[in-house]
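The values are calculated or read from the model by the stated rules, or taken from the named source; none is laboratory data. From a predicted model like this one, the values you see are computed outputs, not experimental measurements. A quick note on method: Cβ atoms are made from the backbone with ideal geometry, for glycine too, and the neighbour counts reach across all protein chains shown. What goes into the accessible areas is simple: the full protein's heavy atoms, side chains included, and nothing from ligands, DNA or RNA. Shrake-Rupley method; radii C 1.70, N 1.55, O 1.52, S 1.80 Å.
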Amino acid sequence: METTNTLTVKCPRLGCPSTLLRPHAAQLVSRPLIMLPEFGQTFERGPSMEAPETKNKEEWFWRVAQVMDFENIGVSHTATDGSKYLSCADCDIAPLGIQTAGDSVELLIANSRINYSK
């Protein structure tokens, strides 16, 4: 049985009202091998970007199939490792998650990097 988000997923930045996901829009998945850049980093804009060196292991994510499943999300340019990082489209706090590269592309928001509301 798949577990979906029962609450609204919100931006974690204090004062940012952005909704990232509506209830039941994403499935909870475990991806123990995913490393995300340290929270709060900013990324240089350009046709390609260096993959950040400082990364933290995350395991639990809310997964959606396509970017249009989000209410409000920003996607970085492709990093040198093939990944794209997800941010709040309103306040640019990042990275909240990752768009994986390769044959099985997934859009994942780290459970530990978001807030919830009813």
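When peptides 85-95, 62-72 are ranked by their average number of other Cβ atoms within 10 Å per residue, the highest-first order is 85-95, 62-72.
Checking the a/c ratio against 1.5 first, then a/b against b/c, what shape does the Cα gyration tensor give for the range 65-118? Prolate shape, in that a/c is at least 1.5 and a/b is the bigger ratio. Per-residue surface analysis assigns Thr6 an accessible area of about 100 Å², computed on protein heavy atoms at 1.4 Å probe radius.
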